[in-house]
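Read through the structure below, which is laid out as structure tokens, and then see the notes.
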Amino acid sequence: MNLTLKIWRQKDSNTKGQMVDYKVTDISEHMSFLEMMDVLNEQLINKGEEPVAFDHDCREGICGMCSMYINGEAHGPDRGVTTCQLHMRMFKDGDTITIEPFRAKAFPVIKDLVVDRSAFERIQQAGGYISVNTSGNTQDANSIPISKHAADEAMDAATCIGCGACVATCKNSSAMLFVGAKVSQYALLPQGQIEAADRVRNMVAQMDLEGFGNCTNTGACEIECPKGISLDNIARMNRELMKASLS
Amino acid sequence: MALNSRVPEGPIKDKWTTYKDKINLVNPANKRHIDIIVVGTGLAGGSAAATLAELGYNVKAFAYQDSPRRAHSIAAQGGINAAKNYQGDGDSTYRLFYDTVKGGDYRSREANVYRLAEVSANIIDQCVAQGVPFARDYGGLLDNRSFGGVLVSRTFYAKGQTGQQLLLGAYSAMNRQIARGKIEMFNRHEMLDVVKIDGKARGIIARNLVTGEIERHSAHAVVIASGGYGNVYYLSTNAMGSNATAAWKIHKKGAYFANPCFTQIHPTCIPRSGDYQSKLTLMSESLRNDGRIWVPKNIEDAKAVQQRKLKPTDIAEENRDYFLERRYPAFGNLVPRDVASRAAKERCDAGYGVNATGEAVFLDFASAIERYGKEQAKIHNIENASAEKIYDLGKKIVEAKYGNLFQMYEKIVDEDPYKTPMMIYPATHYTMGGIWVDYNLMTTVDGLYCIGEANFSDHGANRLGASALMQGLADGYFVLPYTIGDYLSHEIRTGKIPTDTKEFDEAEKEVKDRIDFFINNKGKHSVDHFHKKLGKIMWDKCGMSRNEKGLKEAMAEIKALREEFWKEVNVPGSANEMNPELEKAGRVADFLELGELFAKDALERNESCGGHFREESVELDGEQKGEAKRNDKDYAYVAAWEYKGEPADAVLHKEQLEFKDIELKQRSYK
């Protein structure tokens, strides 16, 4: 198929960016979206132009590095996938595809489609851990029985890959789904109880400091999340925060 | 230099304990004055950085990704082994040790593997304490599953993303230390060289991938945890950025590179679909528990399937060749990875492949669905259940077990694997070879350590499923933090290492010159053009089956390709900005050297063992006819290569492997 691409080009964080049109031809429906981008870049390099910079690494939907806003949707039109898992069979011959970076005040553009998501790092550093030494002197793993239900729910929250699609999708650029998932994973497990109050307070405070917006329950984040992280996690985070403020 | 493995004396069971009792320690007040650099933040690097910081050292950690959490350990699906014996099925430290040495086809160092098995149980305790949500049973205790090549259930798992959960555990431990100021984290940085002063590793030169700035970082010891070199094949299950540059640079500065030809080709990957393919996707080994692998028995059927004129479901049972079950009745579809991969290649080479290019075999769940369906019908007291009812009931069970994998397959291939068999083909997955290290995990350069997949590892010539995660975390959490202390105890009077010395000047200049060359060269071809060519040579001549003629050709072709690369490579953009093509150029330049050493090592090892199959070394008769033939008399050693300028001139050093606690046997899965 032949396609027109409208791609956000921006030299660096200090330069103003703009949309630029490109044409690609003979794209196979079996290609992944990023393989289509590879074809474009090979074309640009051979013409002596600068290829489009974009983040990607594992190309199997787990590292959370890829981050494109395609036709107005984080990770594009398919559901439950990251950009790297999106395939060209989702598009038709002659389509025009708009490709932008994940936009949010807290995710400044570094170059073209690459954004800086270090705000997520700082939120996790504020409390996204259990303070246990890695000395190997911990108690036997089976001495802490955890109900299958709690373990499964914690696992569902832990599947978050930290890609930032929730932020890019949210009209308020809220990071509540991400932070909610992190807080929930630990809140659901007995190991996480001891520091629960401090954790949620610190992580939420850092989230606010980074300039993420608030949640107005539109639920767009849940729909665009490639891992299907549930809105319940936001409710749980709010509950934990309430509990912490009363303790 | 003679290789000294520094394995402690004494019975194998006591070596590690006695060793820990006797090593020198650094007191807490002195640790504050000692700096350690860790390159790579996967399971090995992440766990090492966290633990070293916790002990009190000042750690500087480097990752090329935008977060430590994105290192490729994250993609591991199946699980992590540990000798907990929670299932009471006869597992023990010795059995895990034995399985690992046997699975590795007797090409690993006994003492290291024993230690690995010994600390494996600790890993699970540690991860649970960190909040890793492992799968549990209804009683609230940890669940286990079984993997290929073993007879017990010792694999712990977190759905199909054990790697991500373990990495997030290590990452959370890192975050705690970053918050305390004990780890200084350098995301989007790539190490481009190591700096040696008076024979000791004293720092690195790194490039800030956002600004392009070249930076100097000094330390009292340097730890390389940068993963494997599977991308030398261009197509592999590795991440796009996975590279061998850190390992190759230290090799060029004196660290020996061991067994580069030991590479794992994983049997169950999604086949390539065209020339544009950028990477291959693995389907977890756990699928082989229920899936049956087959190709058509008749060549006419195979041709018809290739041309899409015949559907696999229309081929009658008696016209199918379940070749693993036929060749290996004892282990069937669960033979180790190397054996399964070669058997698939053998059928495809003979013309029986099942996709358009003839490079795929079927992985079929129809009989599993039927078996589970009948079982469920019985459980639910459904009499005379129709075929559809049985299918529906069985499908539900298969969905519960492998749903996410089936969904992933459908997204990529656009076929429903519940209705038509999956197509799979082997792909490069893991490299057992790597930087040679002694018992302390130190390379042949003082103060330079190498851990995780980057070292030549405990897996010998073939790694068992769910053992990579175990080794990475064992090295980082429990082994290196001890062994490095012994070395650093001699560094307490050294003081801060300055970076304004001639050694740093020289290393930085070398790095900058190379970058300038790439930017100014303006050749005819992109970096990928050369990488793809290298990958083709490696796959065709250093792939699942190797012979003398092909390996000699590979060496010559890679050398020629390397020369062409340095003349004709085209890198757009400039050095002082984010420039992904420039990053790739440096990595491919190193792969072009490593590939030649790989072929040389494969040529030198004229035996078949594990993932390394030499056509000249097969059993000629008896029950094992046609199977790989290991040669313990001449090749029971680790081949450690010393850099001498050109890869072809590398000098071989042998570490003889002694097997005192395990008897050497030919592997048989018949």
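List of remarks:
- Residues whose placed amide H lies under 5 Å from that of residue B:264, excluding near-sequence neighbours: B:429, B:430, B:431, B:432
- Once exposed loop trypsin sites (Lys or Arg not before Pro) are cut out (DSSP; at most 10 other Cβ, 10 Å), longest piece of chain A: A:93-170
- Applying the criteria of a DSSP loop state and at most 15 other Cβ atoms within 10 Å to the trypsin sites (Lys or Arg not before Pro) of the range B:6-82 yields B:6, B:13, B:32.
- Scattering curve values for the protein assembly as shown, log₁₀ I(q)/I(0), Debye with Cα scatterers, q = 0.08 Å⁻¹: -0.71
- Gyration tensor verdict on the range B:475-524 (Cα atoms; rounded if a/c is under 1.5, prolate if a/b is larger than b/c, oblate otherwise): oblate
- The trypsin sites (Lys or Arg not before Pro) found in the range B:412-495 that occupy coil by DSSP, while having at most 13 further C-beta atoms within 10 Å, are B:419, B:493.
- Near-label residues of the range B:477-497 by backbone N, under 18 Å of a point 7 Å along Cα→Cβ of residue B:27: B:485-495
- FRET efficiency estimate (nearest 0.05) - Cβ-Cβ, residue A:239 to residue B:316, R0 56 angstrom: 0.40
- In the range A:173-210, burial by the other protein chains removes 40 Å² or more of accessible area from A:191, compared with the chain on its own (1.4 Å probe, ligands and nucleic acids ignored).
- A simple rule links phi to the HN-Hα coupling: the Karplus curve 6.51 cos²θ - 1.76 cosθ + 1.60 with θ = phi - 60°, which for the range A:79-86 gives 9, x, 9, 8, 4, 5, 9, 6 Hz, with x for Gly and Pro.
- Inverting the pair-averaged 1/r between distinct Cα atoms of the range B:504-633 gives 16.7 Å as its Kirkwood hydrodynamic radius.
- In terms of overall dimensions, the range B:21-127 has a Cα radius of gyration and Dmax of 17.0, 48 angstrom.
- Whichever aspartates and glutamates have a C-alpha closer than 15 Å to that of residue B:345, once near sequence neighbours (fewer than 8 apart) are set aside: B:321, B:359, B:540, B:615, B:627
- Estimated at the nearest 10 Å², the accessible area of residue B:162 is 0 Å² with a 1.4 Å probe.
- Calculated FRET value between residue B:649 and residue B:524, using beta carbons and R₀ = 22 Å, to 0.05: 0.15
- Take the Cα of residue B:505, step 7 Å toward its Cβ, do the same at residue A:217, and the gap between the two points is 6.8 nm.
- Portion, in percent, of the accessible area of the range B:26-102 that falls on carbon or sulfur, probe 1.4 Å: 48
- In the context of the full protein assembly, residue B:514 retains an accessible surface of approximately 50 Å², using a probe radius of 1.4 Å and ignoring ligands and nucleic acids.
- Hz values of 3J(HN,Hα) by residue in the range B:125-136 - Karplus curve (6.51, -1.76, 1.60), Gly and Pro given as x: 4, 4, 5, 5, 4, 7, x, 6, x, 5, 5, 10
- Accessible area that becomes buried as B packs against A, both chains, 1.4 Å probe, Å², nearest 100: 6100
- Computed with a 1.4 Å probe over protein heavy atoms only, the accessible surface of the protein assembly as shown comes to 36 Å² per residue.
- For A:156-164, mean number of other protein chain Cβ atoms within 10 Å: 4
- Tail beyond 45 Å, pair distance distribution of chain B (Cα, percent): 18
- Against the rule of thumb 2.2 N^0.38 Å, how large the Cα Rg of the range B:80-173 comes out: 1.10
- Here the range B:215-317 has an Rg and Dmax of 20.9, 67 Å, counting Cα atoms alone.
- Using every pair of separate Cα atoms, the Kirkwood estimate puts the hydrodynamic radius of the range A:118-246 at 15.1 angstrom.
- Shielding by partners, peptide A:36-49 (average Cβ within 10 angstrom, other chains): 3
- Computed from the Cβ-Cβ distance with R0 of 22 Å, the FRET efficiency linking residue B:349 to residue B:548 stands at 0.75.
- By a 1.4 Å probe calculation restricted to protein chains, residue B:346 has an accessible surface near 80 Å², given to the nearest 10.
- Here the sum of -39500 (n - 2.57) over DSSP H runs of 4 or more residues, divided by the residues of chain B, equals -12000 deg cm²/dmol at 222 nm, to the nearest 500.
- Rounded to 5, percent antiparallel among DSSP beta bridges of chain B: 70
- With the simple model of a label 7 Å out from the Cα in the direction of the Cβ, residue B:446 to residue A:25 spans 6.4 nm.
- The length gained by stretching the chain between residue B:94 and residue B:389 to full extension, at 0.36 nm per residue less their Cα-Cα distance, is 101.6 nm.
- Across the range B:268-426, counting alpha-carbon atoms alone, Rg and Dmax equal 15.8, 52 Å.
- The range B:394-476: mean projected area of Cα convex hull, nm²: 7.7
- Integer Hz, Karplus 6.51/-1.76/1.60 couplings in order for the range B:494-505, x for Gly and Pro: 5, x, 3, 8, x, 9, 9, 10, 5, 4, 5, 4
- The chymotrypsin sites (Phe, Trp or Tyr not before Pro) of the range B:72-114 include none that DSSP puts in a loop with a beta carbon having at most 11 other beta carbons within 10 Å.
- Measure of compaction for chain A (Cα Rg per 2.2 N^0.38 Å): 1.13
- Straight-line cross-link reach from residue B:644 at under 18 Å between alpha-carbon atoms covers these lysines, not counting any fewer than eight positions away in the same chain: B:196, B:249, B:252, B:253, B:559, B:600, B:654.
The values are calculated or read from the model by the stated rules, or taken from the named source; none is laboratory data. Here the structure is a predicted model, which is why all the values come from computation and not from measurement. Cβ atoms come from the backbone with ideal geometry, glycine included; neighbour counts cover every protein chain shown. Remember, those area values only see protein heavy atoms, side chains included, never the ligands or the DNA or RNA. Shrake-Rupley method; radii C 1.70, N 1.55, O 1.52, S 1.80 Å.
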